[in-house]
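In what follows, a single structure is set out as structure tokens and then discussed.
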Amino acid sequence: MTNVLEVKDLVVNYGKVEALKGLSLTVGAAETVSLLGNNGAGKSTTVGTISGVVRAGSGSVTAFGKDVTNAKPWDLVEMGIIHVPEGRRIFSRLTVHENLQIGGYTVTDGKAIDTRIKEVYELLPRLAERRNQQGGTLSGGEQQMLAIGRAMIAAPRLLMLDEPSMGLAPLMVAQVMDVVRSITEQGTAVLLIEQNARAALKVASRGYVLDSGTVTIEGSADELRADPRVVEAYLGA
Ligand code: ATP
């Protein structure tokens with residue numbers, strides 16, 4: 001089976017800053033892969049390049065067997081490559097339900113949107129309970145779930161989550177990771193960008209550690225958890 005995503009020898013420069021120096025990674029079908037690394041390692045640049053908002057200098061991005069290097073963001077969205085950026089960015093004055101409806105802007109069939117919203121409510125019952133509440137009044141964890149739920153309306157084939165655990169209490173982190181697990185089980189591949197390695201490696205089957213624009217360590221979640229370098233830098237005592 002072809003991989004959902006193949007990134008090969010990706011190089012990205014911002015002027016003189018070499019953000020990615022030949023990065024390669026793959027995401028298989030219905031797999032959660034974690035991208036770990038400290039601030040400035042190049043995680044956001046990687047996702048930005050895959051979603052077409054950052055230009056690749058060289059190297060390639062292949063999605064569903066098709067070369068999509070430097071493709072337009074809207075064409076990538078249409079292919080089912082959906083990015084939930086860091087910081088949630090939900091509409092705080094709109095209700096939960098309206099936020100979800102906006103997630104369907106690429107879906108022209110109103111009935112299909114309603115069906116997808118129903119599916120998202122099944123996946124995220126907390127959102128169903130709060131459907132008429134304004135987005136801005138939700139807790140941080142609920143807002144993150146809304147951002148993920150909104151992305152799910154577009155029926156992604158590859159969902160890229162940028163630091164979904166950021167700023168959340170441990171219990172909420174666990175709940176968000178449960179959602180990620182359910183999404184993968186439903187057949188959507190997930191690229192999970194996280195600084196919280198402990199949480200990410202609980203749901204991911206494999207992972208990559210980025211440092212200064214290259215992959216320094218890669219392996220199964222078990223291998224990464226057992227790697228002394230990962231333990232020292234990301235898992236602690
Ligand atoms: P963070 O978690 O802080 O976002 P990151 O791992 O996602 O970190 P990137 O944001 O991809 O890292 O940044 C990689 C490198 O590129 C860093 O050295 C950063 O300072 C630099 N960089 C990122 N965006 C730009 C930009 N627009 N202009 C110049 N340099 C940038």
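The values are calculated or read from the model by the stated rules, or taken from the named source; none is laboratory data. Bear in mind that the values here come from a model prediction, so they are computed numbers and not experimental data. Cβ: placed from backbone, ideal geometry, glycine included. Neighbour counts: every protein chain shown. Ligands, DNA and RNA are stripped out before the accessible areas are found, and what is left, the full protein with its side chains, is counted by its heavy atoms. Shrake-Rupley method; radii C 1.70, N 1.55, O 1.52, S 1.80 Å.
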- Query: By a straight-distance test (C-alpha under 25 Å), which lysines pair with Lys72 as possible cross-link partners, with residues fewer than eight away in the same chain excluded?
  - Reply: Lys8, Lys16, Lys21, Lys43
- Between the residues Gly167, Leu36, Val12, the Cα farthest towards the positive end of the dipole of the chain, that dipole coming from +1 and -1 charges on the beta-carbon of Lys, Arg, Asp and Glu, is from Gly167
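At 1.4 Å probe size, with the rest of the protein present, what percent of the exposed accessible area of the range 92-155 is carbon and sulfur atoms? Intermediate values should be presented prior to the final figure.
On the way: 1500 of 3190 Å².
Using a 1.4 Å probe with all protein chains present, the range 92-155 comes out at 47 percent carbon and sulfur.
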- Message: Take Lys8 and Glu232, extend 7 Å from each Cα along the Cα→Cβ direction, and tell me the distance between the two endpoints in nm.
- Response: 3.4
- Message: Please compute the modelled spin-label separation between Ser212 and Thr115, points set 7 Å along Cα→Cβ, answer in nm with one decimal.
- Response: 5.2
- Each label point is 7 Å from the Cα along the Cα-to-Cβ direction; what then is the distance between the points at Thr26 and Glu129, in nm? 4.2
- Calculated from DSSP helices alone, with each H run of at least 4 adding -39500 (n - 2.57) and the total divided by the residues of the chain, [θ]222 nm to the nearest 500 comes to -10500 deg cm²/dmol
- How would Glu86, Glu18 line up by accessible area, probe 1.4 Å, largest first? Glu18, Glu86
- Message: Accessible area per residue for the chain in Å², computed with a 1.4 Å probe and the full protein assembly in place, what is it?
- Response: 47
- Query: Rounded if a/c is under 1.5, else prolate if a/b beats b/c, else oblate: with a ≥ b ≥ c from the C-alpha gyration tensor eigenvalues square-rooted, which is the range 3-67?
  - Reply: oblate
- Could you sort Val203, Val180 by accessible area so the largest value comes first, with the probe set to 1.4 Å? Val203, Val180
- Residue-count net charge about Val27 - beta-carbon cut-off 12 Å; Lys, Arg +1, Asp, Glu -1: 0
